[in-house]
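The structure under discussion appears below in the form of structure tokens.
No lab work stands behind these numbers, since they all come straight from the coordinates. Since we're looking at a predicted model, the values are computed, not measured. With ideal geometry, Cβ positions are generated from the backbone for all residues, glycine too; neighbour counts draw on all protein chains shown.
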Amino acid sequence: MPEQQATTIFERSRSGRLLAWLRALSRHLLRFLAFLAGAAWLLPILLLLGTGWLLYGHTVSRGIFVVRAPLVERLDAPDWFSGEDLYTLEKRVRAVDGRPLYDTAVASELASALASDPWVSEVRYVRRRFPSSLDCEIAVRKPFAGVEAGNKFFVVDRAGFRLPMPPCDVPPAGLPAVIGAKSYPSGPGELWKDPAVAAALFVLSQASDIQKLTGCQDMRVVAADVSVRNGLPSIKLRTAIGTSVEWGVVYRPGCEPYGVPAAGERLAALASLVSELGPDAVELVDVSVLPAAYRPRQ
């Protein structure tokens, strides 16, 4: 009889523990369900994030939305580019090949890579084109003149940026020369910071229409001689026919003294004189002051 009573007590204790465990489990489940009910708004967000992550992994693994062979859509006047120049530029463009197009930094990195090329004067735009390419438009610098320095000629563009072309012993073919500069060149892609060189390039750009104005192809400017007068650069132009044009002192824009003739007035006076006398009859034309003076050819 005592053994039967002990067994009954043991069974009741075990059933009580089981009942207590079930009650505790039910309480935890109820709390969990209450939490889910309160955080139900999180479920769509978690579902969306999970789906996006799976899609991203799928597209990257399959090569979708990954930059492939970025396209330089338009390159302004690249006729003077060498094969090495084109290869270098293409190498800069392909630096972002294989990058995810989702990455918003891809466009800015490509723009920075292109802007670092000494041939590039402006990156006009870089746009992502889905699904897997980049479009960009750049403007490149054009050879304008050869500046003499240290018995070598260095090619610069109209603004005075040195171009990545090897220096030569003679003036570059088809380009006017700047003679008499006392400074040495900067690195490729950098501005030649010399007021005399800047003045010569300014006058050359203004005088680029001399042939059209005079109606004589031999009046093409082939050189600009630079000297210093009262601390300011002074320019004399030489033409293919042998006629020299004394342009005179070049002042900084906005600092010209009263009465200094403008570039258009000088060119008009030169064209009138040459048309009247003939280019072969004139050795020197002085347009530093107006009216223009001249020296006949001997």
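Across segment 116-122, coupling constants 3J(HN,Hα) worked out from phi with the 6.51/-1.76/1.60 Karplus curve, θ = phi - 60°, read 7, 6, x, 7, 8, 9, 7 Hz, and Gly and Pro carry x. Relative to the 2.2 N^0.38 Å rule of thumb, segment 83-224 has a C-alpha radius of gyration ratio of 1.30.
Comparing Cα centroids, segment 265-291 and segment 177-198 end up 29 angstrom apart. Note on residue 94 and residue 48: their simple-model spin labels are 4.0 nm apart, each label 7 Å out from Cα toward Cβ.
Checking the cross-link pairs 212/236; 142/212; 91/182; 152/212 against a 28 Å limit on the alpha carbon distance flags 91/182; 152/212 as lying beyond it. Diffusion coefficient (Stokes-Einstein, Kirkwood radius over C-alpha pairs, 37 °C, 0.692 mPa s) for segment 71-140: 267 µm²/s, rounded to a whole number. In this simple spin-label approximation, residue 275 and residue 212 carry label points 7 Å from Cα along the Cα→Cβ vector, and these lie 1.4 nm apart. Taken over the alpha carbons of segment 138-196 as equal point scatterers, the Debye sum produces base-10 log I(q)/I(0) values at 0.21, 0.26 Å⁻¹ of -0.71, -1.12.
Hey, what's the Kirkwood Rh for segment 145-296 if you take every pair of different alpha carbons, in angstrom? It is 15.8 Å. Segment residue 193..residue 290, full-extension length gain: 31.8 nm, with 0.36 nm per residue of separation and the alpha-carbon distance subtracted.
Could you calculate the FRET efficiency of residue 220 with residue 103 from 1/(1 + (r/R0)^6), where r is the beta carbon distance between them and R0 is 41 Å, rounded to 0.05? So, using R0 = 41 Å, E works out to roughly 0.20.
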